[in-house]
Amino acid sequence: MVNSTNGNIELITLIETIADNKFILGDRLVEVGVSGPDLEATLAAIAMAQSELGHARLLYNWGTNLKSGKGSKKEVKEQTGKAFGSIVQIGEWIQLIAGLYSMNTALNILITALTSHQKGSEIELQFNKLAREQLEHILYSKNWALKLLNDGGSIPARFGRAFKLCEQEITTWLKQVENNRVLIENEILPVNSNLVNSYKEALIPRLRDGEIINAR
């Protein structure tokens, strides 16, 4: 699967970046989700929090195994420092939905590229464990994103700006990943994976086109 030490290091960095953002999202889904706009939203947020934290634990343990070659598991109490600032700074519902939708949409694009290029490998096995729940999270956050975009007053513009902050970090990261020569040379990612373009194409058109950002 990975043909060099550098390839292993880059894969671990990729795994930990995904895990860190999922860990923070899980934490924010608990902290912010309990004050959701209605009971259904709150219960769904708490359920998704458990999934995100479970995904993070799975990925952290995989990263640890790649580092040490051992099957030991450790309790995760904090991220490794690779979570994006816009995700860490989530403090209210609009930011939570923006972060959840942008991050999980991007991760779905990346995971699809990884697993389709690594059929039958450990990469496919590990990521397939969380792929189904990932899609459920995208559906939930996309539906809420549409609600916020179609709401009244300043809410659509506030959501658009919160989303843009997340998107800027995410697209910068995806560009770095798709151009990572070590990942490509070790056949972890395909050549010309076009992660950024695929991510943008997957977005709600109003967010992709940026028309809502400067609305009043």
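When region 1-58 is filtered for residues that are closer than 29 Å to Asn179 by Cβ and polar (S, T, N, Q), the ones remaining, listed by number, are Asn3, Ser4, Thr5, Asn6, Asn8, Thr13, Thr17, Asn21. In summary, Leu125 fulfils each of the numbered conditions (1) within 30 Å of Asn6 (Cβ to Cβ); (2) open to solvent by 20 Å² or more (accessible area, probe 1.4 Å); (3) at pLDDT 90 or above with the single exception of condition (3).
In region 81-104, is there at least one residue being of a type in the set (A, V, I, L, M) and farther than 29 Å from Asn197 by Cβ? Within region 81-104 (the criterion being of a type in the set (A, V, I, L, M) and farther than 29 Å from Asn197 by Cβ), the answer is no, since none of the residues qualifies. Sort out which residues of region 17-38 are among the charged types (D, E, K, R) and over 29 Å from Thr64 (Cβ atoms), and write them in order of number. Within region 17-38, just Asp38 meets the criteria. Would you be able to say whether some residue in region 57-64 is open to solvent by 60 Å² or more (accessible area, probe 1.4 Å) and either aliphatic (A, V, I, L, M) or within 25 Å of Leu125 (Cα to Cα) (or both)? Within region 57-64, one or more residues are open to solvent by 60 Å² or more (accessible area, probe 1.4 Å) and either aliphatic (A, V, I, L, M) or within 25 Å of Leu125 (Cα to Cα) (or both).
Within the span defined as region 64-85, every residue fails to be at pLDDT 95 or above, among the aromatic types (Phe, Trp, Tyr) and in contact with a Lys or Arg (Cβ under 8 Å, 6 or more places away or on another chain). Restricting Glu133, Glu169, Glu187 to residues that are out of contact with any His (no Cβ under 9 Å at 6 or more places or on another chain) and acidic (Asp, Glu) narrows the list to Glu169.
Within the option set Ser198, Ser141, Ser102, Ser121, being within 19 Å of Ile12 (Cα to Cα), of a type in the set (Ser, Thr, Tyr) and either touching a residue at least 40 places away in the same chain (Cβ under 8 Å) or touching a Lys or Arg at 6+ places or on another chain (Cβ under 7 Å) (or both) holds for one residue only, Ser121. Hey, among the residues in region 83-117 that are among the small types (Gly, Ala, Ser) and open to solvent by 10 Å² or more (accessible area, probe 1.4 Å), which one's farthest from Lys175 (Cα to Cα)? Once the filter is applied, the top-ranked residue is Gly91. Of the residues making up region 36-47, those that are in contact with a Phe, Trp or Tyr (Cβ under 7 Å, 6 or more places away or on another chain) and open to solvent by less than 50 Å² (accessible area, probe 1.4 Å) number 2. Among the residues here, Gly54 does not qualify as out of contact with any Lys or Arg (no Cβ under 6 Å at 6 or more places or on another chain), surrounded by fewer than 17 Cβ atoms within 10 Å (Cβ to Cβ) and within 18 Å of Thr13 (Cα to Cα). Within region 1-35, being part of a loop (DSSP other than H, G, I, E, B), open to solvent by 60 Å² or more (accessible area, probe 1.4 Å) and aliphatic (A, V, I, L, M) holds for one residue alone: Met1.
The values are calculated or read from the model by the stated rules, or taken from the named source; none is laboratory data. On a predicted model such as this, the values are computed, not experimentally measured, just so you know. We place every Cβ from the backbone using ideal geometry, glycine too, and count neighbours over all the protein chains shown. Ligands, DNA and RNA are excluded from the accessible area calculation, which covers all protein heavy atoms including side chains. Shrake-Rupley method; radii C 1.70, N 1.55, O 1.52, S 1.80 Å.
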